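The values are calculated or read from the model by the stated rules, or taken from the named source; none is laboratory data. It should be emphasised that the depicted structure is a prediction, and the values quoted were computed from it without experimental measurement. Neighbour counts are summed over all protein chains in view; Cβ atoms, including those assigned to glycine, are modelled from backbone coordinates with ideal geometry.
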Amino acid sequence: MRLIRFNVDESHEALWGEVEGDRVVVMTSPRGSRTGDSFPMASARLLAPATPSKIICVGRNYFGHIREMGNDKEPLPEEPGLFLKGPNSVAGPFSEIPYPHFTNEFHYEGELAVVIGKKILPGTVRPIENVLGYTAGIDLTARDRQRGDLQWTRAKSADAFCPLGPWIETGIDPDRTVVRTFVNGVQRQEGRTEDMIFPVSVILEYISAFMTLEEGDVVLTGTPEGVGEIFPGDRVEVTVDGLGAPLVMYVSGEGA
């Protein structure tokens, strides 16, 4: 099932819908009933397919990324390393993200994103069963601020630092998919989720042991090797096998 969050013009309220062929059938919520309304898919303006209260991110979940960041001499992590992005960081597909004025090293990190469909309380058995589906995400990072600031708030959680989309696909097997990132049409990343140090089920069990995950929350599961800089004028695409279309963003502005 392919679920989208959309409107039909900028003044229209955000709607949820299920894509059926060349039309989108309106739903009361991502897990709700159909309203009886529908629109041509061509008229739908795609929005970020989640409205999270928080975004929980996993760092260093692919060995290749650990190696490229210079941490391969350390023991592999024994538990997921987590950090947060705020809901202010969400951006929709095809967004133009201004080059941040506070960095000289603006980086992309393509990732598989998990969208929670039903509240997961601490102690929930098999929290993966409460997942709504999966989409693509970009963990935009001010790399120099990540190194220099006391915490990662500015480096990771500035406005629009988490593009998501283009939609949610419920049929993806998170243990058997591939994440790829392209910059201006050139592939820069490829990671197989079967190679993640901590699979999605383990990540969700770890997080939900101490934190309630609300409906609509997003979990970014880590990035493969190949992260790098982007500049004004660049086009970034992240694909997830089974999603059906890439998440696309553009960098605008003049740079730092």
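Pull up the stretch 118-172, narrow it to residues that are part of a strand (DSSP E or B) and aliphatic (A, V, I, L, M), then point me to the one that is farthest from His65 (Cα to Cα).
Just the residues of the stretch 118-172 that are part of a strand (DSSP E or B), to begin with: 120, 131-138, 141-142, 162-169.
Filter again for aliphatic (A, V, I, L, M), leaving 120, 131-132, 136, 138, 142, 164, 168.
Working: Ile120: 29, Val131: 26, Leu132: 27, Ala136: 18, Ile138: 15, Ala142: 17, Leu164: 21, Ile168: 26 Å.
Applying the filter and picking the extreme gives Ile120.
The conditions of being at pLDDT 95 or above, among the polar types (S, T, N, Q) and part of a loop (DSSP other than H, G, I, E, B) are not met by Ser11. Quick one: Gly36 ticks every box in (1) in a strand (DSSP E or B); (2) touching a residue at least 12 places away in the same chain (Cβ under 8 Å) bar one, so which box is it? Just one mismatch for Gly36, condition (2).
Residues of the stretch 87-112 that are of a type in the set (D, E, K, R) and surrounded by fewer than 22 Cβ atoms within 10 Å (Cβ to Cβ): Glu96, Glu105. Taking the criterion of being among the polar types (S, T, N, Q) and either in a strand (DSSP E or B) or not assigned by TED's automatic domain parsing to the domain that holds Arg145 (or both), the only residue of the stretch 58-101 that qualifies is Ser95. If I filter the stretch 59-70 for residues that are touching a residue at least 12 places away in the same chain (Cβ under 8 Å), in contact with a Lys or Arg (Cβ under 9 Å, 6 or more places away or on another chain), of a type in the set (Val, Ile, Thr) and surrounded by fewer than 21 Cβ atoms within 10 Å (Cβ to Cβ), do I get at least one hit? No; the residues of the stretch 59-70 include none that is touching a residue at least 12 places away in the same chain (Cβ under 8 Å), in contact with a Lys or Arg (Cβ under 9 Å, 6 or more places away or on another chain), of a type in the set (Val, Ile, Thr) and surrounded by fewer than 21 Cβ atoms within 10 Å (Cβ to Cβ). Of all residues in the stretch 71-86, none are buried (at least 16 other Cβ atoms within 10 Å of the Cβ), under 25 Å from His107 (Cβ atoms) and in contact with a Pro (Cβ under 6 Å, 6 or more places away or on another chain).
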